[in-house]
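The values are calculated or read from the model by the stated rules, or taken from the named source; none is laboratory data. Computed from a prediction, not measured in an experiment: that's the story for all the values here. Cβ: placed from backbone, ideal geometry, glycine included. Neighbour counts: every protein chain shown. Just the protein is used for accessible areas: all its heavy atoms, side chains included, with ligands, DNA and RNA removed. Shrake-Rupley method; radii C 1.70, N 1.55, O 1.52, S 1.80 Å.
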Amino acid sequence: MQASEVARAVAAAGSIASSLGLTVEDAIVLQNSNKLTLRLVPCDVLARVAPVADQVAAFEIDVAQRLAGSGSPVAVLEPRVEPRVHERDGFVVTLWTYYEPAAPQEISPAGYARALERLHAGMRTIDVPAPHFTDRIEQAQRLVASRDRTPALAEADRELLGDTLRSLRRAVGEHGGDEQLLHGDPHPGNVLATKTGPLFVDLETCCRGPVEFDLAHAPEEVGEHYPGVDHRLLRDCRILMLAMITTWRWDRDDQFPDGRRQGTEWLGRIRAALDRDGPGTPG
């Protein structure tokens, strides 16, 4: 979220929480990317705030409630207020339970894999409309093809990203195999280490695809503990995911902190991976 919008977003979240009977004296910014995540105190509520035009909060609430009902390891909505989307001053706000971080705050690869396996099991029990993971790849391909949207992307890098997205999308699609509802972006920043175990957050990215696409977002060691993984498919999904998120960093409107430096670093990682194995080749 743009710095100029943060104060208004904080005020909107505080005003909504107060109107619902929660005591708000301060708001601590925990994360600011495409949306703002706040800890409201002293009521200890987690508020997620996004511009009205950029949100799918109702979908996220629906998925979170269904998964919580199935016992899946997900963060739950704040129980003291009605579970719904609130809107004020051009922002949508959702209110969630705040979890005190566990100590230490690291999750072991085995624990991460077990939690993700439980999440996937819960996702197989619910029926919600969700996009296919290739929809996100198409968005990245459109960005790469648009010099207006990615003006700082060098032509050699544009060619690299375009070729990688196209070839690995085809390789993953031709692989076949089972597909199901996925988290869509279960990287470590979307996993809370709590006293009751790992909990997944940010369910707005849910999509359908192979579980290897989710595992591609997790640390590499996690895939070694997840049962039944197709490691060749996982390798292709990792490079495909890296090409996708690298493309976002070159979007002229990207708000990711230090995004351009990371985008440059990730281009190097993509080249190294392709030089080592080649795109979609047998392992």
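Observations on the model:
- Percent carbon-and-sulfur accessible area, the chain, ignoring ligands, DNA and RNA, probe 1.4 Å: 50 percent
- Sites matching trypsin sites (Lys or Arg not before Pro) across the stretch 1-89 that sit in DSSP coil, with at most 15 neighbouring C-beta atoms within 10 Å: Arg80, Arg84
- Summarising the strand pairing of the chain, around 95 percent of its internal DSSP beta bridges are antiparallel.
- A DSSP coil position with no more than 10 other Cβ atoms inside 10 Å describes the following trypsin sites (Lys or Arg not before Pro) in the stretch 183-283: Lys195.
- Whole-angstrom gap from the stretch 149-168 to the stretch 70-125, using each part's C-alpha centre: 34 Å
- Degrees between helix 259-277 axis and first principal axis of the chain (Cα, 0 to 90, nearest 10): 40 degrees
- Candidates per GluC sites (Glu not before Pro) in the stretch 84-141, loop by DSSP, up to 11 other Cβ within 10 Å: Glu106
- What the Cβ-Cβ distance of Arg252 and Asp135 gives, at R0 = 25 Å and to the nearest 0.05, is a FRET efficiency of 0.70.
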